[in-house]
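Participant: I have a structure here, written as structure tokens, and I will follow up with some questions on it.
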Amino acid sequence: MGRFFERRDLIFRLATSLAAVLLVLVVVAIGAELTRQSQLSIARFGFGFWMNDIWDPVSGEFGARPFIWGTLYSSFLALLLAGPISLGIAVFLSELSPSGLRRPLTFLTELLAAIPSIVYGLWGIFVLVPVVRSLEAGLPDAVRSLPLFAGPPVGVGMLSAVLILAVMVIPFASSVAREVLRAVPMSQREAAYALGATKWEAIRAALFYGRTGIIGAIMLGFGRALGETMAVTMVIGNNPQISLSLFAPQYTMAAVLANEFTEAADELYLHALIEVGLVLFVITLIVNMGSRLLIWRMNRPARRVKAAPVVATPLGDAA
């Protein structure tokens, strides 16, 4: 009987291990296929593909730098807006919210993450773009002369994309940050109160303890922003140029794939688009892997916590 259970346990372990290995193989297969399907573009342009600003399918000249710039620029600015708001929501729901409000507010926050991106895009076109257009038109000429605010007041551009990305990232990042704060041992807060800390100082101690996981949550939101397609495509203007202006129409890697993949008339054009997808795949993979590693690093010491040394560090100034 003992051998039967040992054998069953071994079979179960092998089956679960196979499932994990299968997931890794799927990721590797996606990367390998994207690489294979973009070989013509890689052989033709090399690393110059990522340093060239020209995207001209008619003449067969392809450069992806405007798309890389638009993707990273929009995601970074969206994260600057969404990060503090997401952290504030997470702190309120985990530390300050009354018990009667915590569950419905948590449900509403998670509900925002479930809204399809095409719905966000429609909301952006009919609500957000007119607001941004009015904001652009109302700026003084002295402000509009600055490189950050130069551009035509059409409403469709980088600022609209940044705002809609921030709205989409907030529920995702706040949910992960809330779970990180919930994973902080209660002994951290109790030790802070025992030292005479105020409510703010106890929350600051919890934030300090979970700082690695919170950074990981923000990076997960960054990965979410990098791969967003439809909502950004509908409001960013889709113009392959590099500009610091928040009002200038620009382009992202996901948007160019959505707009032009079905229009690729020749093989080189198709391979260039697939190479854009390959780099987007690699960047997103790196960002998400880094964020997961940070969260795992936070969770490991949580199982063997010693309260006093951790609390003493963030409360040193207050003491």
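Participant: Taking a ≥ b ≥ c as the square roots of the eigenvalues of the Cα gyration tensor of the range 70-126, is the shape rounded (a/c under 1.5), prolate (a/b larger than b/c) or oblate?
Facilitator: Oblate.
Participant: What figure, in Å² to the nearest 10, do you get for the accessible area of Arg13 with a 1.4 Å probe and non-protein molecules left out?
Facilitator: 140 Å²
Participant: Apply the Karplus parameterisation 6.51 cos²θ - 1.76 cosθ + 1.60, with θ equal to phi minus 60°, to every residue of the range 40-52 and state each ³J(HN,Hα) to the nearest whole Hz, in sequence, with x for glycine and proline.
Facilitator: Once rounded to whole Hz, the list reads 4, 5, 5, 5, 7, 10, x, 6, x, 4, 8, 10, 9.
Participant: Now for a different question. Per residue, how many Å² of accessible area does the range 213-283 show with a 1.4 Å probe?
Facilitator: Spelled out: the 1.4 Å probe surface of the range 213-283, per residue, equals 33 Å².
Participant: Now for a different question. Extension gain Tyr193-Ser17, at 0.36 nm per residue separation less the Cα-Cα distance, in nm?
Facilitator: Using 0.36 nm per residue and subtracting the Cα-Cα distance, I get 58.9 nm.
Participant: Could you give each residue of the range 186-194 its phi-based ³J(HN,Hα) in whole Hz, using Karplus coefficients 6.51, -1.76, 1.60 with θ = phi - 60°, and x for Gly or Pro?
Facilitator: For the range 186-194, the Karplus curve yields 4, 4, 5, 5, 5, 5, 5, 5, 5 Hz.
Participant: Can you put Arg36, Arg182 in order of accessible area, largest first, using a 1.4 Å probe?
Facilitator: Arg182, Arg36
Participant: Let me ask you something else. Pull out the extension gain between Arg44 and Trp200, defined as 0.36 nm times the separation in residues minus the alpha carbon to alpha carbon distance; nm, one decimal.
Facilitator: So the chain would gain 50.3 nm between Arg44 and Trp200.
Participant: OK, next. Could you work out the helix-only [θ] at 222 nm for the chain, with each DSSP H run of four or more residues adding -39,500 (n - 2.57) and the total divided by the number of residues, to the nearest 500 deg cm²/dmol?
Facilitator: So the helix-based figure for the chain works out to -23000 deg cm²/dmol.
Participant: I've got another one for you. Please report the accessible area of Leu122 (heavy atoms, 1.4 Å probe, ligands and nucleic acids excluded) in Å², nearest 10.
Facilitator: Approximately 80 Å² of Leu122 is accessible to the 1.4 Å probe.
Participant: Roughly how many Å is it from the Cα centre of the range 10-65 to that of the range 153-204, as a whole number?
Facilitator: Going from one Cα centre to the other spans 34 Å.
Participant: What relative contact order, as a whole-number percentage, does the chain give when Cα pairs under 8 Å and 6 or more residues apart are counted?
Facilitator: Computed value for the chain: 26 percent relative contact order.
Participant: How are the Cα pair distances of the range 157-226 distributed, in percent, across 5 Å bins from 0?
Facilitator: 3, 17, 21, 16, 13, 11, 8, 6, 3, 1, 0
Participant: Can you run the Rg to Rh ratio on the chain? Use alpha carbon positions and the Kirkwood inverse-distance Rh.
Facilitator: A ratio of 1.06.
Participant: Further, regarding this structure: Could you provide, to the nearest whole Å², the per residue accessible area of the range 35-179 with probe 1.4 Å?
Facilitator: 50 Å²
Participant: Moving on to the next point. Can you work out the FRET efficiency for the pair Ile54 and Glu6, with r the C-beta to C-beta distance and R0 = 51 Å, to the nearest 0.05?
Facilitator: 0.20
Participant: What share of Cα pairs, in percent, lie more than 20 angstrom apart in the range 21-140?
Facilitator: That fraction is 72 percent.
Participant: For the range 54-68, what does the Karplus curve 6.51 cos²θ - 1.76 cosθ + 1.60, with θ = phi - 60°, yield as ³J(HN,Hα) per residue in whole Hz, taken in order and with x for Gly and Pro?
Facilitator: Once θ is set to phi - 60°, the couplings for the range 54-68 become 8, 10, 10, x, 5, 8, x, 9, 10, x, 9, 4, x, 6, 5 Hz.
Participant: What do you get for the angle between helix 267-302 and the principal long axis of the chain? Use alpha-carbon atoms, 0 to 90 degrees, nearest ten.
Facilitator: 10 degrees
Participant: Now, a different point. Taking only Cα atoms, what is the 0 to 90° angle, nearest 10, from helix 211-226's long axis to the longest principal axis of the chain?
Facilitator: In the chain, helix 211-226 runs at an angle near 20 degrees to the longest axis.
Participant: Another question, then. Once neighbouring chains are kept in place and the probe is 1.4 Å, which whole percent of the accessible area of the chain is contributed by carbon and sulfur?
Facilitator: Carbon and sulfur: 70 percent of the exposed surface of the chain.
Participant: Could you work out how far helix 99-114 tilts from the main Cα principal axis of the chain, as a 0 to 90 degree angle to the nearest 10?
Facilitator: 30 degrees
Participant: Considering amide H positions built from the backbone, and no H for Pro or chain starts, which residues 5 or more places from Asn52, or on another chain, come under 5 Å of its amide H?
Facilitator: Ala64, Arg65
The values are calculated or read from the model by the stated rules, or taken from the named source; none is laboratory data. Keep in mind that what you see is a predicted model, and the values were worked out from it rather than measured. Neighbour counts are summed over all protein chains in view; Cβ atoms, including those assigned to glycine, are modelled from backbone coordinates with ideal geometry. For accessibility, only protein heavy atoms count, side chains too; no ligands or nucleic acids. Shrake-Rupley method; radii C 1.70, N 1.55, O 1.52, S 1.80 Å.
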